[in-house]
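To keep things clear, I will list the structure first and then write my remarks on it.
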Amino acid sequence: MKKDIYTLGIESSCDETSVAVVKNGREVLSNVIHSQIDIHKQFGGVVPEIASRNHVEAISAVTKEALEQAGISFLEISAICPTYGPGLVGALLVGVAYAKALAYALDKPLIGVNHIEGHIAGNYISHPNLKPPFLCLVISGGHTHLVHIKDYTEFEILAHTRDDAIRRSL
C-alpha cells in the first residue's frame, strides 16, 4: 500500500504569511493566509521591516491553524517546503528560519521552493490533468515571466520584466 505524502508549504516572500498542507502533491487540505494589507495601506505600499516583524508574530499561529484544518499533526508531515526567493529578504528569512527549525526538530526533509516555480506548480493543483509541455504567464508582485514549461522541473524563461510586474492600464 502506498503511503500518502503530506507537504507543509510555507510562504513569506512579501506581506502575507501563508501555510498550506498538500496531500500527494495535488490535493490542498488547508491553505491559511494571514494578510498584512491593512497594516501597509497607511504607508502606500509594503514596508519590508514591518512585513518581517508581522511574519514573526503570525507564523506559528498560521502553521497551527493549517495543520488543524488539514486534520493532521506535525508528526505526519513528510516534508517542509519554504519559499526561499525571490522576495523581501527579511520576510523570506522568517519563513526559511521557521521551516529549518521545524525540519530539524521533526527530522523531516527541508525543500526550498523558488517563488516563481511555486506559482507555476500551482497550476497542477488548479488543473489536476495538466502535464508539460505548456506556456505559463506568471504575474506576481514585482515579477512577470513568460515561461515555457518543458517538463516538471525544466523551464525556459522566454521573456520577463526587468524591475516590476506588468500592470493593467486604467
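Derivation of every value follows stated rules applied to the coordinates shown; laboratory data play no part. Given the structure is predicted, the values throughout are model-derived calculations rather than measurements. Glycine gets a Cβ as well: all are built from the backbone with ideal geometry, and neighbour counts include every protein chain shown.
Normalised by the number of residues in segment 1-127, the mean separation of alpha-carbon contacts (under 8 Å, six or more apart) gives a relative contact order of 29 percent.
Using the rule -39500 (n - 2.57) for each DSSP H run of four or more residues, divided by the residues of the chain, the 222 nm mean residue ellipticity is -11000 deg cm²/dmol. Taking label points 7 Å from Cα along the Cα-to-Cβ direction, Asn114 and Asn24 give a separation of 2.8 nm. Packing around the peptides 1-9, 97-105, taken as the average count of other Cβ atoms within 10 Å per residue, puts them in this order, highest first: 97-105, 1-9.
Annotated for the chain: lysine pairs at least 8 residues apart or interchain, Cα distance under 21 Å, count 12. Distance between the pseudo-spin-label points of Ala105 and Phe74 (7 Å out from Cα toward the beta carbon): 0.3 nm. Across segment 143-158, computed HN-Hα scalar couplings (Karplus, 6.51 cos²θ - 1.76 cosθ + 1.60, θ = phi - 60°) run 10, 9, 9, 9, 10, 8, 8, 7, 8, 4, 10, 10, 10, 10, 7, 8 Hz from first to last residue, x flagging Gly and Pro.
Counted over the chain, the DSSP beta bridges are approximately 80% antiparallel.
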